[in-house]
Amino acid sequence: MNISYTNKCRSGKKECRLRVAPPKTRRTVLRQMADMVNRKQRSRMMAAVHGSNTSPEIYVRKKLFAAGFRYRLHAKELVGKPDIVLPRFRTVLFVHGCFWHGHSCPRGKRPASNVEFWNAKIDGNIRRDRRSRVALKRTGWSVVVIWECRMEPATKALLRRLRTLGADCRD
Ligand SMILES: [Zn+2]
């Protein structure tokens, strides 16, 4: 598609025309992406772009909801603000991004530059996560961590566990 766009120059008396690049529409971007990547990669990219409805946390929430389990989100009164709280099961879930929470998997690989900054940041997150888990367990909560890279199998395992704990004990 070769459309050229022209804008009137605001300043001059003479009408000059500036050639500007056509604005990229979302559709154009998507088409370009479609050429470059396969479906799975693309949905991951879209998730990153939109911030988004396919994030790991939303995935887990949808699966829980579809299976009939009801939950609360980001309970501020609980240590570490767990992402998902299942009060009936006295269970909290943390859905962790591998990078930010320092998972020992390829996605959790740390950047090669600004090493000190990233180590301080990610080690801090790891320490805080550990403190939260310990505090929650002390007060009788079961803590489940779902890693982004293990999202699907971990969610399946979680659903099995909740069903075993008592499917008829739903909110
Ligand atoms: Zn991971």
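The values are calculated or read from the model by the stated rules, or taken from the named source; none is laboratory data. Just so you know, these numbers come straight off a predicted model, no measurement behind them. Cβ sites come from the backbone with ideal geometry, for glycine too, and all protein chains shown count toward neighbours. What goes into the accessible areas is simple: the full protein's heavy atoms, side chains included, and nothing from ligands, DNA or RNA. Shrake-Rupley method; radii C 1.70, N 1.55, O 1.52, S 1.80 Å.
A few comments on the model shown:
- Label-point separation, Ser142 to Ala120 (7 Å along Cα→Cβ), nm: 4.0 nm
- Mean Cβ count within 10 Å, highest first, over the residues of peptides 89-98, 61-70: 89-98, 61-70
- Cross-linked pairs Lys76/Lys137; Lys62/Lys109; Lys76/Lys109: Cα-Cα separations exceed 19 Å for Lys62/Lys109; Lys76/Lys109.
- Gyration tensor verdict on region 106-159 (Cα atoms; rounded if a/c is under 1.5, prolate if a/b is larger than b/c, oblate otherwise): oblate
- 1.4 Å probe accessible area per residue over region 84-129, in Å²: 56 Å²
- Total charge dipole magnitude, region 55-170, about the Cα centre, Cβ charges on Lys, Arg, Asp, Glu only, Debye to nearest 20: 360 debye
- Across region 55-170, C-alpha contacts under 8 Å between residues 6 or more apart give a mean separation that, scaled by the residue count, equals a relative contact order of 28 percent.
- Extending 7 Å from Cα along the Cβ direction at Arg160 and again at Lys81 yields two label points whose distance is 3.3 nm.
- Separation in nanometres of the label points that stand 7 Å from Cα toward Cβ, at Phe65 and Arg127: 3.7 nm
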